[in-house]
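What follows is a short report on a single structure.
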Amino acid sequence: QVQLVESGGGLVQAGGSLRLSCAASRSIFILNTMGWYRQAPGKQREFIAFITPGGSTNYANSVKGRFTISRDNAKNTVSLQMNSLKPEDTAVYFCKSWGVPTDYWGQGTQVTVSS
């Protein structure tokens with residue numbers, strides 16, 4: 001069964017750090033670009049970061065310099081290290097695999113940053 005499972009969310013104070021992980025089925029990981037999106041209440045889902053199979057990365061301006069995406073090709077996992085968290089980072093964070101002909105999404109993990 002193809003799946004993406006996120007973990008690592010939680011409650012943190014502003015200025016703190018969290019590390020999210022996404023465990024993927026190998027078939028939708030090894031050759032796919034992997035990434036993270038987030039969705040805050042009442043807002044559209046927004047792009048955060050992606051990493052290609054070769055390790056190239058791209059970030060949204062809102063997180064650049066604070067968040068770092070990485071992947072472990074041996075463990076089929078993609079991680080998001082989030083530092084200097086702000087209350088506006090509060091959202092449900094989703095892992096995504098860009099596939100052909102379809103993309104895959106995880107179920108999401110809640111991140112709450114208190115002021």
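If the condition is being under 11 Å from the mean Cα position of the chain (by Cα) and either β-branched (Val, Ile, Thr) or open to solvent by 30 Å² or more (accessible area, probe 1.4 Å) (or both), then region 6-16 contributes Ser7, Gly8, Gly9.
Sub-7 Å Cβ pairs linking a first residue in region 74-85 that is within 17 Å of Gly106 (Cβ to Cβ) to a second residue that is among the polar types (S, T, N, Q), at least 6 apart or interchain, are Thr77/Ser21; Ser79/Ser21; Ser79/Ser70; Met82/Ser17, ordered by first then second residue. Scanning region 64-103 for residues that are at pLDDT 95 or above, out of contact with any Gly (no Cβ under 7 Å at 6 or more places or on another chain) and hydroxyl-bearing (Ser, Thr, Tyr) gives Thr68, Ser70, Thr77, Ser79, Thr90, Ser97. Go through region 48-61 and give me each residue that's touching a residue at least 24 places away in the same chain (Cβ under 8 Å) and more than 14 Å from Leu20 (Cα to Cα). The one that is touching a residue at least 24 places away in the same chain (Cβ under 8 Å) and more than 14 Å from Leu20 (Cα to Cα): Ile51.
Residue count for region 32-63 under the criterion of being polar (S, T, N, Q) and crowded, with 17+ Cβ neighbours inside 10 Å: the result is 2.
Being open to solvent by 20 Å² or more (accessible area, probe 1.4 Å) and modelled with pLDDT of 95 or more is the filter; apply it to region 17-31 and report the residue that is nearest to Lys86 (Cα to Cα). Step by step, filter region 17-31, then rank; the result is Ser17.
The values are calculated or read from the model by the stated rules, or taken from the named source; none is laboratory data. The shown structure was predicted, so the numbers you read here are calculated from the model rather than taken from an experiment. Glycine gets a Cβ as well: all are built from the backbone with ideal geometry, and neighbour counts include every protein chain shown. Accessible surface is based on the protein model in full, side chains and every heavy atom, while ligands, DNA and RNA are left aside. Shrake-Rupley method; radii C 1.70, N 1.55, O 1.52, S 1.80 Å.
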